[in-house]
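Trainee: Sharing a structure, written as structure tokens. Questions coming.
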Amino acid sequence: MKYSTFIEKMTTEEKAAFLSGKGEWDTRDLPRLGIPSIFCSDGPHGIRKQAGAGDHLGLNESLPATCFPTAATVANSWDEKLGEDIGQALGEEAEALGVDILLGPGLNIKRSPLCGRNFEYFSEDPYLAGKMAASYIRGIQSYNVYACPKHFAVNSQEQRRMAMNSVVDERTLREIYLTGFEIAVKEGHAKAIMSSYNEVNGVYANENKHLLKEILRDEWKFDGIVVTDWGGSNSHVEGVKAGSNLEMPAPGFDSAREIVEAIENGSLSVEELDKSVDDLLDAVVTLRMVEKKKEFDKNKHHDLARKAATESIVLLKNEDKILPLKAGTKVALIGDFAVEPRYQGAGSSIVNPTKVETMEEVIKGYNVSLCGLSRGYLRTGEEDKALKKEALDIAKDADVIIYCFGLDEISESEGLDRNHMKIPQNQIDLLQSIMSVNKKIVGVISAGSAIEMPWNNCCQAILHGYLTGQAGASALLDIITGKVNPSGKLNETYPILHEDTPAFNQFPSAERNSEFREGIYVGYRYYDTSNVKVQYPFGFGLSYTEFKYSNLVVNKEGITLTITNKGAFDGAEIVQMYVGLDNAIVFRPKKELKGFKKVFIKAGESKTVSIAFDDKTFRYWNVVTNKWEVEKGRYNIMVGSNVNNILLKDTIEIEGTTNVYPYKSELIPSYYKGNVQKISDEEFERVLGTKIPDGKWSGELNRNDAICQMYYAKSSLARFLYKRLTAMKEKSEEKGKPDLNILFIYNMPFRAMAKMTRGAVSMEMVDGMVSAVNGHFFKGVGKIIFGFFSNSYKNKKYTKKLESTGSIEKQAIKVWVEENKGEWNKKMD
Ligand code: BGC
């Protein structure tokens with residue numbers, strides 16, 4: 001431990017209090033020891049520093065900051081250099097706004113297109129997600145700011161996210177849900193990580209020794225701090241034992257008292273507590289005892305946001321080369337999104353941008369002739385005949401219609417999962433009507449996650465902007481007019497129908513358990529292996545030019561090949577390397593992404609591209625030997641422009657690492673075929689290695705059940721409250737803007753009340769409420785009243801104890817650091 005001689009000066013009460021937040025965003029300072037607090041802020045695509053009253057859902061405005069495209073957008077660039085540039089800009093803004101820990105990037109796997117937070121995540125593929133996340137982290141941490149990748153782990157569902165259990169087999173856990181985090185930690189050197197709300201195989205992520213200790217700290221050598229998601233801590237005693245450090249946001253002294261008690265009764269050792277304090281002290285010293293930058297260049301960052309969007313926008317279709325538009329083209333601009341862009345998602349990641357561009361405004365600066373503008377449809381989904389007529393009138397006379405449409409705010413948000421993958425029908429009705437008067441339609445989509453596209457043939461060209469950030473409008477027009485050649489490629493598959501998705505029968509889970517029966521077959525790993533036709537495959541994206549792939553050479557180190565730009569436009573290509581093994585003994589997807597490179601090539605020129613193999617190229621997780629192993633065999637090395645378009649192929653013989661194989665193919669035939677939509681209990685249990693846990697709610701509610709489960713309540717008052725809350729939630733959904741507060745309360749467990757109220761509510765009071773909900777009204781109310789007085793008394797006592805502990809040197813930590821610097825440096829040498 002680095003700070004052991006300093007920690008000796010701390011009382012148990014100080015140590016325990018230090019490990020939880022003081023307010024919504026800041027950690028607890030300890031004035032006696034000169035320990036300052038550190039400040040955390042969202043978010044992943046821009047800083048959300050709330051200067052006034054803090055709330056973790058972005059309801060109160062934050063200080064202006066650059067709103068970059070969201071992770072789901074930038075992942076389409078497949079460009080780690082760009083990720084690092086964005087990370088640096090985020091780090092610089094965080095420093096300038098006084099933020100020490102930036103709560104991002106988010107890199108949960110897009111298990112299903114329905115997850116409401118997919119717009120905040122990078123990919124359905126862990127390799128791409130990990131590489132992009134690592135690049136952001138390196139950029140952010142090049143300033144005096146910690147990145148805090150989230151949500152660790154297996155947090156791919158929003159519904160009841162704080163009260164659910166991800167039931168997943170160890171191999172799927174490792175290969176799909178942890179590999180991205182492994183890359184983020186090992187290659188990004190993340191100094192903080194956020195544990196997720198959910199349980200993983202029955203143990204809360206924040207208390208999960210397997211995740212936090214065995215994997216994160218022991219295997220990956222993570223030496224930073226683990227921070228709980230907001231209100232996500234269950235027992236911080238268990239958290240500390242498992243290797244977690246900081247409970248956020250504001251549990252008052254309740255958790256601290258539990259830690260002190262655990263030390264007194266021996267259930268938590270002083271070593272365990274000190275280790276946790278040591279990590280956090282290191283963060284405080286590193287982050288707060290340095291000079292910080294005071295400002296950032298808004299215009300420069302706006303330009304970077306524009307560059308990021310241009311590199312990430314995906315051209316999905318371009319019939320008859322309608323794009324790029326020729327100079328002077330007569331354009332009708334139609335769609336509500338052209339006037340009021342949807343450029344970021346809703347929830348804790350929401351940024352108050354320094355400025356926002358709209359297509360309506362910026363189109364004036366391009367060499368096209370705007371012959372009309374109409375909002376065309378209502379964002380709220382209702383039909384508006386007058387708007388429709390206006391749109392059709394201008395569409396008739398245009399050379400080309402730019403039709404801006406997509407998912408509205410309520411469709412994708414933190415706190416809720418979608419229940420279908422469709423774009424609002426009124427937008428599609430208008431598209432079809434426009435088509436009947438003029439077929440020259442360029443569809444411009446805004447949506448942070450995959451959608452069904454049965455209307456695909458209504459557009460001659462489709463440009464998918466995802467959520468482009470504040471400079472999205474000029475980025476889109478740069479591409480539409482050919483100023484920039486599109487190069488983005490999809491970070492996720494676009495299935496034809498939601499029914500085609502691998503987790504269709506599992507997602508989202510309705511009860512406590514979410515069973516990951518589809519296993520490793522997430523996204524393209526499923527569609528490709530099971531030959532399911534898709535609308536647009538993983539890795540797909542068009543360019544205004546054409547690239548030829550040739551000269552593949554495969555050797556032990558990796559591959560090299562030549563890419564030639566055969567067209568008339570300069571442009572960038574994203575070369576993708578997939579690996580597979582025919583007739584494998586251990587079942588596996590037909591292809592898996594194991595490397596990629598983005599190269600810019602001038603028209604008519606060629607470049608040699610090299611992609612190195614790494615420790616992940618051939619490995620699989622063996623559940624019997626309990627380690628990464630390599631199966632012996634002749635592997636297919638496939639290089640292409642997307643997963644379904646393999647242009648070069650070779651094989652390489654690879655030595656195996658073990659003869660111990662984990663599965664019997666005849667017992668789990670569906671996994672061997674990749675037919676995973678309907679996995680039987682037996683097959684799932686064989687892969688899981690245990691019985692499927694019973695996730696059905698039974699008996700009485702407890703503090704870990706979600707508020708929305710009050711439909712089970714014995715108390716009629718509680719059921720009434722549940723109905724009121726549901727009605728309020730539905731009403732807010734009808735309005736088209738999600739009410740994040742209601743969503744949060746709806747999905748949170750009872751215990752979170754004690755974790756987020758700065759000491760106003762204790763766990764004892766929560767237990768009283770739960771008792772009342774279960775129909776023991778008088779007992780429950782009695783407990784609440786007693787708990788209230790007892791909590792106030794104990795809070796005062798704790799504060800007094802902290803204040804009355806004998807004073808030591810002023811600025812003690814600063815003095816101690818100065819005196820001990822030499823020692824550490826020696827140790828580090
Ligand atoms: C979200 C986190 C976020 C935190 C603070 C939580 O509800 O899951 O991603 O960082 O709130 O706003």
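Trainee: Within the range 594-617, which residues are more than 21 Å from LEU315 (Cβ to Cβ), under 26 Å from the mean Cα position of the chain (by Cα) and in a strand (DSSP E or B)?
Mentor: Selection gives LYS594, GLY595.
Trainee: Can you name every residue in the range 11-29 that is open to solvent by 10 Å² or more (accessible area, probe 1.4 Å), more than 16 Å from the ligand (Cβ to nearest atom) and either assigned to a helix (DSSP H, G or I) or of a type outside the set (Val, Ile, Thr) (or both)?
Mentor: Answer for the range 11-29, where residues must be open to solvent by 10 Å² or more (accessible area, probe 1.4 Å), more than 16 Å from the ligand (Cβ to nearest atom) and either assigned to a helix (DSSP H, G or I) or of a type outside the set (Val, Ile, Thr) (or both): THR12, GLU13, LYS15, ARG28, ASP29.
Trainee: Listed residues GLY130, GLY98; which is of a type outside the set (D, E, K, R) and under 21 Å from ARG174 (Cα atoms)?
Mentor: That would be GLY130, the only listed residue that is of a type outside the set (D, E, K, R) and under 21 Å from ARG174 (Cα atoms).
Trainee: Only residues in the range 791-809 that are β-branched (Val, Ile, Thr) count as the first member; pair them with residues that are part of a loop (DSSP other than H, G, I, E, B), Cβ under 7 angstrom, at least 6 apart or cross-chain, and list the lot.
Mentor: Listed by first residue and then by second, the contacts come to THR805/THR11; ILE808/LYS9.
Trainee: Let me ask something else. On the given criteria, is ILE215 out of contact with any Cys (no Cβ under 8 Å at 6 or more places or on another chain), of a type in the set (Val, Ile, Thr) and surrounded by fewer than 23 Cβ atoms within 10 Å (Cβ to Cβ)?
Mentor: Spelling it out, ILE215 is indeed out of contact with any Cys (no Cβ under 8 Å at 6 or more places or on another chain), of a type in the set (Val, Ile, Thr) and surrounded by fewer than 23 Cβ atoms within 10 Å (Cβ to Cβ).
Trainee: Another one. Filter the range 599-642 down to the residues that are at positive phi and surrounded by fewer than 17 Cβ atoms within 10 Å (Cβ to Cβ) and list them by number.
Mentor: Of everything in the range 599-642, those that are at positive phi and surrounded by fewer than 17 Cβ atoms within 10 Å (Cβ to Cβ) turn out to be GLY604, ASN626.
Trainee: In addition: Which of the following residues is of a type in the set (D, E, K, R), under 30 Å from the mean Cα position of the chain (by Cα), surrounded by fewer than 18 Cβ atoms within 10 Å (Cβ to Cβ) and outside the structural domain of THR501 (by TED's automatic domain parsing): LYS649, LYS678?
Mentor: None of the others qualify; the one that does is LYS678.
Trainee: Let me ask something else. Looking at (1) modelled with pLDDT under 95; (2) assigned to a loop (DSSP other than H, G, I, E, B), can you tell me which one ARG32 breaks?
Mentor: All conditions pass for ARG32, except number (2).
Trainee: Find all pairs meeting these conditions: Cβ atoms under 7 angstrom apart; at least six residues apart or on different chains; first residue within the range 222-235 and outside the structural domain of MET753 (by TED's automatic domain parsing); second residue away from the ligand (no atom under 14 Å from the Cβ) and in a strand (DSSP E or B).
Mentor: ASN234/TYR204
Trainee: Name the strands (runs of 3 or more DSSP E) wholly within the range 164-268 that hold at least 3 residues that are within 16 Å of the ligand (Cβ to nearest atom)?
Mentor: Output list reads 192-195, 225-228.
Trainee: Pick out the one residue from SER436, SER514 that is at pLDDT 95 or above and part of a helix (DSSP H, G or I).
Mentor: From the options SER436, SER514, the qualifying one is SER436.
Trainee: On to the next question. Taking the range 238-277, which residues are touching a strand residue (DSSP E or B) at 6+ places or on another chain (Cβ under 7 Å) and not hydrophobic (A, V, I, L, M, F, W, C)?
Mentor: Within the range 238-277, GLY239, GLY243, SER244, ASN245, GLU247, PRO249, PRO251, SER255 meet the criteria.
Trainee: Of the residues GLU92, GLU84, which single one is open to solvent by 10 Å² or more (accessible area, probe 1.4 Å), in contact with a helix residue (DSSP H, G or I) (Cβ under 6 Å, 6 or more places away or on another chain) and part of a helix (DSSP H, G or I)?
Mentor: Among GLU92, GLU84, only GLU84 is open to solvent by 10 Å² or more (accessible area, probe 1.4 Å), in contact with a helix residue (DSSP H, G or I) (Cβ under 6 Å, 6 or more places away or on another chain) and part of a helix (DSSP H, G or I).
Trainee: Let me ask something else. Suppose we filter ASP336, ASP429, ASP384 for residues that are in the same structural domain as THR501 (by TED's automatic domain parsing) and open to solvent by less than 30 Å² (accessible area, probe 1.4 Å); which single one remains?
Mentor: ASP336
Trainee: While we're on this one: Of the residues that sit in the range 700-718 and are open to solvent by 50 Å² or more (accessible area, probe 1.4 Å) and out of contact with any Pro (no Cβ under 7 Å at 6 or more places or on another chain), which one is nearest to SER235 (Cα to Cα)?
Mentor: ASN702
The values are calculated or read from the model by the stated rules, or taken from the named source; none is laboratory data. Because the structure is a prediction, the values reported are computed rather than measured. Because the Cβ atoms are built from the backbone with ideal geometry, glycine has one as well, and the counts that use them run over all protein chains shown. Just the protein is used for accessible areas: all its heavy atoms, side chains included, with ligands, DNA and RNA removed. Shrake-Rupley method; radii C 1.70, N 1.55, O 1.52, S 1.80 Å.
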